[in-house]
Amino acid sequence: MSGGPIEPPPTPWHFPDPTDAPDDLVCVGADLEPGTLLAAYRTGLFPMPYDRRRLGWWSPNPRGVLPLDGLRISKSLRRSVRRFEVRADTSFDVVMKACAAPIRRGGWITPAFVRAYTRLFELGWAHSVEAWTPAGDLAGGLYGVAIGGLFAGESMFHRRPDASKVALIALVDRLRAGGFTLLDVQWATPHLTSLGTREITRRDYLARLGEAVGTPARF
């Protein structure tokens, strides 16, 4: 989008400062309107379902971040890069729905989340990175939200070995080239830790977030 993302109407909800929240779950309620989502990310929060009817807004402590100069790429993974064609923003809703596949354990991406983040994509705030086979099959990918120099990674999937990792490599290259400063991955899972993710305190994350969202960057 040549003119940059479109700012939606502001949210009527007020999010609390998560700095001293005692738990990763900071508050419950609100909605998934574009203005609400952007306000949450700018505050250091992200949504996941709390129960069948309510949203939870989370700020993990510690927080997982992947340093843009710290991605670990094995020799076998470098070879895998050559097996895929990488594209961005060509199949956002397909990527989200693949991340939401019901066969995945712990799935939390409901149809309401797909609709909400697709609206963010249409406004220019959400993005996907996709790994395609030479035959034209979507092999893996990821999606997230970009605000200033922040990229908040939400979820990733793969249908072929290493496809999601190849998408992550392409994402990091794109973020570095575009002037981004912070890649948030929420929680440092063993899989993400093996790729270079590390944990920082919530207070440290919020300080970095404040700088990142005010940094001009281009996806």
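Just so it is clear, none of the values below were taken in a lab; they were calculated from the coordinates. On a predicted model such as this, the values are computed, not experimentally measured, just so you know. Here the Cβ is made from the backbone with ideal geometry for all residues, glycine too, and neighbour counts use every protein chain on show.
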**Study point:** Residue among PRO134, PRO34, PRO49 with the largest mean-square fluctuation in a Gaussian network model of the chain, springs linking Cα atoms under 10 Å
**Key:** PRO134
Point to revise | 5 angstrom amide H check on ALA139, placed H, neighbours 5+ away | key: ALA131, TRP132, THR133
Check your understanding: R0 = 30 Å: FRET efficiency of ASP23 with ARG159, Cβ-based, nearest 0.05?
Key -> 0.30
Review point. By the gyration tensor of its Cα atoms, with a ≥ b ≥ c the square roots of the eigenvalues, what is the shape of segment 26-107: rounded for a/c under 1.5, prolate for a/b over b/c, or oblate?
Key: prolate
Revision key, fill the gap. Plugging the Cβ-Cβ distance of VAL114 and THR201 into 1/(1 + (r/R0)^6) at R0 = 25 Å yields, to the nearest 0.05, a FRET efficiency of 0.20
Review point. Which shape class applies to segment 89-204: rounded if a/c is under 1.5, otherwise prolate when a/b exceeds b/c and oblate if not, where a ≥ b ≥ c are the square roots of the Cα gyration tensor eigenvalues?
Key: rounded
Practice item. Before rounding to the nearest 500, sum -39500 (n - 2.57) across all DSSP H runs of length at least 4 in the chain and divide by the residue total; then give [θ] at 222 nm in deg cm²/dmol. Key: -9500 deg cm²/dmol
Practice item. Determine the dipole magnitude for segment 64-213: charges of +1 sit on the beta-carbon of Lys and Arg, -1 on that of Asp and Glu, nothing else is charged, the reference point is the Cα centre, and the result goes in debye to the nearest 20. Key: 500 debye
Review point. Residue by residue through segment 27-44, which ³J(HN,Hα) values in whole Hz follow from phi under the Karplus form 6.51 cos²θ - 1.76 cosθ + 1.60 (θ = phi - 60°), with glycine and proline marked x?
Key: 7, 9, x, 6, 8, 10, 5, x, x, 5, 4, 5, 4, 5, 4, 5, 8, x
Study note, to complete from the structure: Applied in sequence order to segment 81-97, the curve 6.51 cos²θ - 1.76 cosθ + 1.60 (Karplus, θ = phi - 60°) yields integer Hz couplings, x standing for Gly and Pro, of 4, 6, 8, 10, 9, 9, 10, 10, 6, 9, 8, 4, 5, 5, 4, 4, 5
Review point. For GLU211 and ALA101 in the same chain, what is the full-extension length gain: residue separation times 0.36 nm, less their Cα-Cα distance, in nm?
Key: 36.1 nm
Review point. Okay, which of segment 150-190 sit inside 19 Å, backbone N to the point 7 Å along the Cα-Cβ direction of SER74?
Key: 157-170, 189-190
**Study point:** Over segment 64-213, relative contact order from alpha-carbon pairs under 8 Å, at least 6 apart, %
**Key:** 32 percent
Study note, to complete from the structure: For segment 82-151 the trypsin sites (Lys or Arg not before Pro) that pass both the DSSP coil test and the at-most-16 other-Cβ-within-10 Å test are ARG82, ARG83, ARG104, ARG105
Revision key, fill the gap. So, with points 7 Å from each Cα along the Cβ direction, the VAL94-ASP137 label distance in nm works out to 1.3 nm
